[in-house]
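Novice: Starting off with a structure, shown below.
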Amino acid sequence: MKKYITYSVAVFFAMTVVGLAAADKDAIEAKEKAAWQAFKDKKADDFKKVVDKDFRGVYAEGVSDMEKELSDMKKWDMKSFTISDFKAFSDEKDVMVTTYTVKIEGTFDGKDASGTYNAGSVWKQENGAWMAIFHTNAKQETAK
């Protein structure tokens with residue numbers, strides 16, 4: 001009887017962890033989309049609600065912090081973005097890593113920046129809120 005109780009408890013905890021991971025993945029995906037939407041709409045205050053003040057980004061143009069992100073936000077004229085192939089994983093309860101592709105239509109500083117980008121972010125949960133602490137993206141190369 002003790003063995004059955006042990007198995008039942010183990011299965012319950014495994015199902016709970018899987019359920020929490022799925023909930024966190026959905027929450028992180030919603031946060032990722034919210035960050036993109038705030039950036040697209042040039043809503044710095046909304047962006048700061050999901051992106052940590054100590055944020056860092058790595059792009060082809062260089063390394064970015066929150067100040068540079070907000071400055072670059074003003075230079076973008078993003079018409080649309082579409083996130084696909086979203087994946088999230090974690091082996092820590094308060095850190096989540098995401099990877100996905102994002103198709104962007106728009107210009108940066110007056111130059112066409114449309115294309116499909118491979119992207120990834122690191123999210124950290126602080127005081128019950130998930131905040132982006134790192135992001136990177138690279139434009140996919142076209143076949144030559």
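The values are calculated or read from the model by the stated rules, or taken from the named source; none is laboratory data. This one's a predicted model, so the numbers in the text were calculated from it and none came from an experiment. Heads up, the Cβs are rebuilt from the backbone with ideal geometry, glycines too, and the neighbour counts pull from every protein chain shown. The protein model used for the area step is the full one, side chains on, heavy atoms only, and it has no ligands, DNA or RNA in it. Shrake-Rupley method; radii C 1.70, N 1.55, O 1.52, S 1.80 Å.
Novice: Here are some residues: Met131, Met78, Met96. Which one is under 16 Å from Asp26 (Cβ atoms) and of a type in the set (A, V, I, L, M)?
Specialist: Working: Met131 fails: under 16 Å from Asp26 (Cβ atoms); Met78 fails: under 16 Å from Asp26 (Cβ atoms).
Going through Met131, Met78, Met96 in turn, just one is under 16 Å from Asp26 (Cβ atoms) and of a type in the set (A, V, I, L, M): Met96.
Novice: Next question. Please verify whether the stretch 74-94 includes one or more residues that are part of a helix (DSSP H, G or I) and at pLDDT 95 or above.
Specialist: Residues of the stretch 74-94 that are part of a helix (DSSP H, G or I), as a first pass: 74-75.
Restricting the remaining residues to those that are at pLDDT 95 or above gives 74-75.
Yes, there is a match, as at least one residue in the stretch 74-94 is part of a helix (DSSP H, G or I) and at pLDDT 95 or above.
Novice: Please go through the stretch 108-122 and give me each residue that is surrounded by 15 or more Cβ atoms within 10 Å (Cβ to Cβ), over 18 Å from Ala35 (Cα atoms) and touching a helix residue (DSSP H, G or I) at 6+ places or on another chain (Cβ under 8 Å), ordered by number.
Specialist: None; the set is empty.
Novice: In addition: Among the residues of the stretch 107-144, write down those that are of a type outside the set (A, V, I, L, M, F, W, C) and under 14 Å from the mean Cα position of the chain (by Cα). Even if it seems obvious, please write down each step before you answer.
Specialist: Step one: filter the stretch 107-144 for residues of a type outside the set (A, V, I, L, M, F, W, C), giving 107, 109-112, 114-118, 120-121, 124-128, 135-137, 139-142, 144.
Within the stretch 107-144, Tyr117, Asn118, Gly120, Ser121, Lys124, Gln125, His135, Thr136, Asn137 meet the criteria.
Novice: Shifting gears a bit: Checking the conditions here, which among Ala88, Ala60 is open to solvent by less than 40 Å² (accessible area, probe 1.4 Å) and either more than 20 Å from Ala38 (Cβ to Cβ) or in contact (Cβ under 8 Å) with a residue 24 or more places away in the chain (or both)?
Specialist: Values: Ala60 fails: open to solvent by less than 40 Å² (accessible area, probe 1.4 Å).
On inspection, the qualifying residue turns out to be Ala88.
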